[in-house]
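Trainee: Just passing along the structure, written as structure tokens.
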Amino acid sequence: MLVSATEMLKKAVAGKYAVGQFNINNLEWTKAILQTAQENNSPVILGVSEGAGKYMCGFKTVSAMVKAMIEELNITVPVALHLDHGTYDGCMKCIEAGFSSVMFDGSHFPIEENKAKTTELVNICHSKGISIEAEVGAIGGEEDGVIGSGEIADPNECKTIADLGVDFLAAGIGNIHGKYPENWKGLDFDALAAIKTLIGDLPLVLHGGTGIPADMIKKAISLGVAKINVNTECQLYFQAATRKYIEEGKDLQGKGFDPRKLLAPGFEAIKEIVKEKMELFGSINKA
Ligand code: 13P
């Protein structure tokens, strides 16, 4: 069932668990995540970056694929189709293409501009029953081989953006996308607690879910994080399983070259890591 992410995240805050956002790249990724959610009776958010949207032939293609898959696979758990780190134009395109949720990443704009653009998008989204995420404090990560450390969001800026009516808020607390460097200092729980005090029950989003230790994930959830984004870890699992298949020479045996066989181990690996994350986040049987 395709729904906005608003209700599922409100329930997550109340129940002290988090819903995973897993980024999709193709049909196999989408099918693996949807099936895992259904098998575990868990709500789920499918994340689509602008780059992945382009790769999959545009947001309309993605939206049509996800909707058809929900129907054909009899997916009855709540599923949100969400634009990840959207530009203003990207949000508009996804709204038109039938996404049920968008993220407007205005974190690089001066606060006044971020506010103006966010307000405009909040109004459009809410008139159509679409949920909207905003970001305060840029989430760092690897860009051109340089690993930037994550910013710590200013709690007052979080409150300002929260008051614009967004449905959930990504706040930087030292988290970054991709693998964490050896010398990573960990999440800043004092900052998280200060943000939570000001924004109350608004669901918080933790980006850069890959590689955050389980105890930190649990503590973040206890402090109001209700949505956790995971991308790189699914890619690493897919890659490792595919590499193993080829290194074992299985692609050379019989019809091992058939893409349905070649991609099967990676598909199963995605299902395994998504289930593991759903267990850690506490979203199993919360559909
Ligand atoms: P990772 O790739 O580090 O898991 O981060 C995913 C993410 O935050 C997508 O917005």
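Trainee: Six or more apart or on different chains, Cβ atoms under 6 Å: show the pairs whose first residue is in the range 256-268 and within 19 Å of Cys234 (Cβ to Cβ) and outside any loop (DSSP other than H, G, I, E, B) and whose second is at pLDDT 95 or above and not aliphatic (A, V, I, L, M).
Mentor: Qualifying pairs under 6 Å: Leu262/Asp251; Pro265/Tyr245; Gly266/Phe238; Gly266/Thr242; Phe267/Glu28.
Trainee: Further question on the same structure: Considering only residues that are aliphatic (A, V, I, L, M) and either touching a Pro at 6+ places or on another chain (Cβ under 8 Å) or touching a residue at least 60 places away in the same chain (Cβ under 8 Å) (or both), which ones fall in the range 52-99? Talk me through it step by step, then tell me what you get.
Mentor: Just the residues of the range 52-99 that are aliphatic (A, V, I, L, M), to begin with: 52, 56, 62, 64-66, 68-70, 73, 75, 77, 79-81, 83, 92, 95, 97.
Result: Val66, Ile70, Ile75, Val77, Val79, Ala80, Leu81.
Trainee: With over 18 Å from Asn231 (Cα atoms), small (Gly, Ala, Ser) and in contact with a Ser or Thr (Cβ under 7 Å, 6 or more places away or on another chain) as the only criterion, which of Gly178, Gly137, Gly186, Gly165 stands out? Give the steps one after another, and end with the answer.
Mentor: Details: Gly178 fails: over 18 Å from Asn231 (Cα atoms); Gly186 fails: in contact with a Ser or Thr (Cβ under 7 Å, 6 or more places away or on another chain); Gly165 fails: in contact with a Ser or Thr (Cβ under 7 Å, 6 or more places away or on another chain).
Answer to the selection: Gly137.
Trainee: Right, next: So if I check each of Ile70, Ile45, Ile95, Ile33, which one is within 16 Å of the ligand (Cβ to nearest atom), in a helix (DSSP H, G or I), surrounded by 18 or more Cβ atoms within 10 Å (Cβ to Cβ) and among the β-branched types (Val, Ile, Thr)?
Mentor: Selected residue: Ile33, the only one of Ile70, Ile45, Ile95, Ile33 that is within 16 Å of the ligand (Cβ to nearest atom), in a helix (DSSP H, G or I), surrounded by 18 or more Cβ atoms within 10 Å (Cβ to Cβ) and among the β-branched types (Val, Ile, Thr).
Trainee: Could you say whether any residue in the range 191-201 is at pLDDT below 95 and of a type in the set (Val, Ile, Thr)?
Mentor: Within the range 191-201, none of the residues are at pLDDT below 95 and of a type in the set (Val, Ile, Thr).
Trainee: Still on this structure, please answer the following. May I ask you to verify whether Glu28 is at pLDDT 95 or above, in contact with a Phe, Trp or Tyr (Cβ under 6 Å, 6 or more places away or on another chain), among the charged types (D, E, K, R) and under 14 Å from Lys271 (Cα atoms)? Reasoning before the result, please.
Mentor: Numbers: at pLDDT 95 or above: yes; in contact with a Phe, Trp or Tyr (Cβ under 6 Å, 6 or more places away or on another chain): yes; among the charged types (D, E, K, R): yes; under 14 Å from Lys271 (Cα atoms): yes.
Against the criterion (at pLDDT 95 or above, in contact with a Phe, Trp or Tyr (Cβ under 6 Å, 6 or more places away or on another chain), among the charged types (D, E, K, R) and under 14 Å from Lys271 (Cα atoms)), Glu28 qualifies.
Trainee: Please specify each residue of the range 98-122 satisfying the condition of being buried (at least 22 other Cβ atoms within 10 Å of the Cβ), out of contact with any Phe, Trp or Tyr (no Cβ under 9 Å at 6 or more places or on another chain) and part of a loop (DSSP other than H, G, I, E, B).
Mentor: Of everything in the range 98-122, those that are buried (at least 22 other Cβ atoms within 10 Å of the Cβ), out of contact with any Phe, Trp or Tyr (no Cβ under 9 Å at 6 or more places or on another chain) and part of a loop (DSSP other than H, G, I, E, B) turn out to be Ser100, Asp105.
Trainee: Sort through Ile246, Ile228, Ile221, Ile217 and tell me the only one that's aliphatic (A, V, I, L, M) and farther than 17 Å from Ser283 by Cα.
Mentor: One residue alone meets the criteria, Ile246.
Trainee: Then there is this: Confirm whether Thr242 is crowded, with 20+ Cβ neighbours inside 10 Å, without any contact (Cβ under 8 Å) to a residue 60 or more places away in the chain and polar (S, T, N, Q).
Mentor: Taking the combined requirement at face value, the residue does not satisfy it.
Trainee: Is one or more of the residues making up the range 251-260 more than 30 Å from Ala171 (Cβ to Cβ) and among the small types (Gly, Ala, Ser)?
Mentor: yes
Trainee: I would also like to ask the following. Taking the conditions exactly as written (within 20 Å of the chain's Cα centre (by Cα) and within 16 Å of the ligand (Cβ to nearest atom)), does Ile152 satisfy them or not?
Mentor: Taking the combined requirement at face value, the residue does not satisfy it.
The values are calculated or read from the model by the stated rules, or taken from the named source; none is laboratory data. Just so we're clear, the structure is a prediction, and the values are computed from it rather than from any experiment. As a convention, Cβ positions derive from the backbone with ideal geometry for all residues, glycine included, and neighbour counts pool all protein chains shown.
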